Amino acid sequence: MSSMNIHEILKYLPHRYPLLLVDRVISFEAGKDIVALKNVSINEPFFSGHFPHHPVMPGVLIVEALAQAAAILTLRTENTTNKEDTVYYFVGIDGVRFKKPVMAGDQLILKVAIERQIKGLWKYSARAEVDDQLVTEAQLMCTSRSV
């Protein structure tokens, strides 16, 4: 198990502000799982338009944060980094459930585990938590493609 700071994360993800949604990797075990975090700041650009009177993180961005954590897990498992000629894509999202809203000031804990990997297709179970309470869960499927 190992952690990663933002400088290390930037080697694995092509995303940059405002779409980089992983701030730190807390723990990682190759071929198994990852725990990462996203600090949800009131300064996030989506809060100005997503209920300014009651700032809530859009659910689709929570799922994107989980996918970014899954991408880090996959790339680290394959012992490779982000390459400009390869893009990591969603190919499926199943069973998404939003249990509680994520608000400005929350610390979103992203937990992703590999369920299986077949011929370049990866399937994960994913969950996001705030204060040890489940806020979102989903099954994710992703793959990488040369561009």
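Laboratory data are not the source of any read-out in this text; all were calculated from the coordinates shown. Remember, predicted model here, so these are calculated numbers, not experimental data. Positions of Cβ are backbone-derived with ideal geometry, glycine not excepted, and every protein chain shown enters the neighbour counts.
About the Cα centre of the range 6-146, how large is the charge dipole given +1 on each Lys and Arg Cβ and -1 on each Asp and Glu Cβ? Please answer in debye to the nearest 20. Numbers along the way, then the final one.
Values: 16 positive and 16 negative charges, 61 e Å.
That gives the range 6-146 a dipole magnitude of about 300 debye.
Before anything else, pin down the relative contact order of the range 12-84: Cα pairs under 8 Å, at least 6 apart, normalised by residue count, whole percent. All intermediate terms of the calculation are to be shown ahead of the outcome.
Working: 72 pairs, mean separation 28.6, N = 73.
The normalised contact order for the range 12-84 reaches 39 percent.
Dividing the Cα radius of gyration by the Kirkwood radius, what Rg/Rh value follows for the chain? Before the final figure, lay out each step's value.
Details: Rg = 14.6 Å, Rh = 15.4 Å.
For the chain, the value is 0.95.
Restricting attention to the chain, lysine pairs at least eight places apart or on different chains and with alpha-carbon atoms under 27 angstrom apart total 26.
Between His54 and Tyr17, what is the FRET efficiency for a Förster distance of 22 Å, r being their Cβ-Cβ separation, to the nearest 0.05? Kindly include the intermediate steps, with their values, before the conclusion.
Details: r = 24 Å, r/R0 = 1.09.
Approximately 0.35, to the nearest 0.05.
For the pair Glu115 and Val91, label points projected 7 Å from Cα toward Cβ lie 1.4 nm apart. The length gained on full extension between Thr143 and Thr80, counted as 0.36 nm times the residue separation minus their Cα-Cα distance, comes to 21.3 nm. Computed from Cα positions, the angle between helix 59-77 and the longest principal axis of the chain comes to roughly 30 degrees.
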